[in-house]
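What follows draws every value from the coordinates through simple rules; no lab data is involved. Only a predicted model underlies this, so the values are computations on that prediction, with no experimental measurement involved. In this analysis, Cβ positions are derived from the backbone assuming ideal geometry, glycine residues included, and neighbour counts consider all displayed protein chains.
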Amino acid sequence: MVAEGAAAFARAGIECAELEARLLAQHVFGLNRAGLIVHERDTVGDGAAARFAALVRRRLSREPLAYILGEREFWGLPFSVSRDVLIPRPETEFLVEQALASSRAAGVDASWQALDLGTGSGVIAVVLARELGCRVTAVDRSAAALRVAAENARRHGVAERIAFVRGDCFAALPAGARYDVLVSNPPYVSAREMAALAPEVGCFEPRSALFGGPDGLDCLSAISRNAGPFLRPGAGLFLEIGATQAEAVRSLFTASSSYEDVRILPDLAGRSRVLAARAAA
């Protein structure tokens, strides 16, 4: 069964065909890899075979594996995902790494307040709450996304430290709110890039969480204009950006008197990945 699924994926040009077929089989049978090997010669019932075939068809339609399984690993933890949220990616782990390192160096404690704009599945908020032990405000326009994020917060034991707020970015925050660190993976895909996305992304992941306007800078520009009053002096700001946006995004923040120490941080592959800055004193 797994071999047939892998062969179908390979013919369709799906990478990691054998791995994906195996993961679907494990999902159908509720087994880990070792268990699947132990039972590989067992007779498969018609019901299980039909369920596996249905999942294979979904993947052949280019639906992402994570949506089919309902889960994706991030920061070594399993997170629930649905088509209401972006699938967590390694690029966002790099973003979180930078925010954590900076916060620890600044002497984070339980009184800190973190802000996650566009929380989606909640991976950033959950990791910040777990790793820093601080309070987190997680904002998203989508009620469905917030339900996924709240489920993940409960799953990982940090629901009491995260306030989920529905609304449009800073407009959702109470007047006078101040934060010690802001971390966000905002929509930053340009119109040209949207047209070239793989079908797994362009046809299935939420457009509102991807598309950042004609040049991909709409949300990044809005953050540069509006974040300052919500940040305590010296607060860290960390934004995931597109690999070709470094100079444009840097200019948005250096042009504002609200920020200092504006930097572009490259990921391990050398690609511009994170805009880091501090709120001016």
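General remarks:
- Mean Cβ neighbour count within 10 Å, used as a protection proxy, ranking 47-58, 7-18, 117-128 highest first: 117-128, 47-58, 7-18
- If the Kirkwood radius is taken over C-alpha pairs of the range 72-136, then at 4 °C and 1.567 mPa s the Stokes-Einstein diffusion coefficient equals 105 µm²/s.
- Separation between Cα centres of the range 239-273 and the range 106-159, rounded to whole Å: 23
- Calculated [θ] (222 nm, deg cm²/dmol) that DSSP helices of n ≥ 4 give over the chain, each run adding -39,500 (n - 2.57): -12000 deg cm²/dmol
- In order through the range 192-209: 3J(HN,Hα) via Karplus (6.51 cos²θ - 1.76 cosθ + 1.60), integer Hz, x for Gly, Pro: 5, 5, 4, 5, 9, 5, 4, x, 4, 8, x, 9, 10, 7, x, 4, 5, 8
- C-alpha long axis of helix 17-29 to longest principal axis of the chain, angle in °: 80
- Percent antiparallel among DSSP beta bridges (both partners in the chain, rounded to 5): 45
- Each Lys and Arg contributes +1 and each Asp and Glu -1, all at the Cβ; summed about the Cα centre of the range 203-281, the dipole is approximately 160 debye.
- Base-10 log of normalised Debye intensity for the range 82-279 (one unit scatterer per alpha-carbon) at q = 0.15 Å⁻¹: -0.87
- Helix 90-105 axis versus longest C-alpha principal axis of the chain: approximately 40°, rounded to the nearest ten.
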